[in-house]
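J.: One structure is given below, represented as structure tokens, and several questions about it will come after.
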Amino acid sequence: MAEFVLTEALKQMIGREEPLLIYKVEEGDIQRYAQAVADSNPMYSDVEYAARSSFGRLKAPPGFVGWPVTSGFDMFQFVEKLIAAGAPRGNLDGGMEYEFLAPIGAGDTLAACIKIASIVGKETKLGPTMSTTVEITYTNQRGAVALIARHTFLSF
């Protein structure tokens, strides 16, 4: 069985930040997302209700950060970079974890800082397997970190 090797090229990718992505959070997008995930909370769909709340505007459902208005990070290109640096070729989604720190709502602009938080390798029945965690920190226009998302995927 082949042995997992954390190459120098992979080690150098850990902690390196990708160019920032900018996201806009808009009322209509919040409403459509809430409808798509069947969340009937009026804070996500009823503009008048949300305006009367202490938040004062539509709130984004958990995990919704709007849509990017700048281009940059591309997950497919990112995986190709990992493979070129020595990662195994097969990939599987290992899940998402969210850390909610400040509310996100209509009118917010978020800057997304993307980096590899960790790369861990081990031997499994499938052979050498690598777990990569990509961390995305979303900071709002007031400079507050609103959300940290961690996406883990497995390569084998």
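J.: Just need the Rg to Rh number for region 46-114, please, alpha carbons only, Kirkwood Rh.
T.: My calculation puts Rg/Rh at 1.13.
J.: May I pose another question? What do you get for the angle between helix 75-84 and the principal long axis of the chain? Use alpha-carbon atoms, 0 to 90 degrees, nearest ten.
T.: 20 degrees
J.: Now a separate question. What length, rounded to one decimal in nm, is gained on full extension from A102 through to A51, with 0.36 nm per residue of separation minus their alpha-carbon distance?
T.: Computed gain between A102 and A51 is 16.6 nm.
J.: OK, next. For the chain, build the charge dipole from Cβ charges (+1 Lys, Arg; -1 Asp, Glu) around the Cα centre, then report which of G66, L147, V25 sits farthest towards its positive end.
T.: The residue sitting farthest along the positive end of the dipole is L147.
J.: Any idea what angle helix 27-36 forms with the longest principal axis of the chain, computed on alpha-carbon atoms, 0 to 90 degrees, nearest 10?
T.: It works out to around 60 degrees.
J.: Another question, then. Looking at region 81-156, which trypsin sites (Lys or Arg not before Pro) are in a loop (DSSP not H, G, I, E or B) and have at most 10 other Cβ atoms within 10 Å?
T.: R89, K125, R142
J.: Give me the Kirkwood hydrodynamic radius of region 73-154 in Å, from all C-alpha pairs, to one decimal place?
T.: In region 73-154 this quantity evaluates to 14.2 Å.
J.: Scan the chain and report its longest stretch carrying no GluC sites (Glu not before Pro) that are both in a DSSP loop and have at most 16 other Cβ atoms within 10 Å.
T.: Longest stretch, sites excluded: 27-156.
J.: Just to be sure I understand the model, the point goes 7 Å from the Cα along the line to the Cβ. What's the resulting R32 to I14 distance in nm?
T.: Here the answer is 4.0 nm between the modelled labels.
J.: Dipole of the chain, Cα-centred, from +1 at each Lys and Arg C-beta and -1 at each Asp and Glu C-beta, to the nearest 20 debye?
T.: Its charge dipole is roughly 180 debye.
J.: Taking loop as defined by DSSP and a crowding limit of 14 other beta carbons within 10 Å, which chymotrypsin sites (Phe, Trp or Tyr not before Pro) in region 31-70 fit?
T.: Taking region 31-70 and a limit of 14 other Cβ atoms within 10 Å, the loop chymotrypsin sites (Phe, Trp or Tyr not before Pro) found are F55.
J.: Return the whole-Å distance between the Cα centroid of region 115-151 and the Cα centroid of region 62-100.
T.: 9 Å
J.: Which shape class, rounded, prolate or oblate, goes with the chain when its Cα gyration tensor gives a ≥ b ≥ c as root eigenvalues, a/c under 1.5 marks rounded, and past that a/b bigger than b/c marks prolate?
T.: prolate
Readers should treat all values here as calculations from the given coordinates under stated rules, not as data from a laboratory. What you see is a predicted model, and the numbers here were worked out from it, not measured in a lab. Quick reminder, even Gly has a Cβ in these numbers, built from the backbone with ideal geometry, and neighbours come from all protein chains shown.
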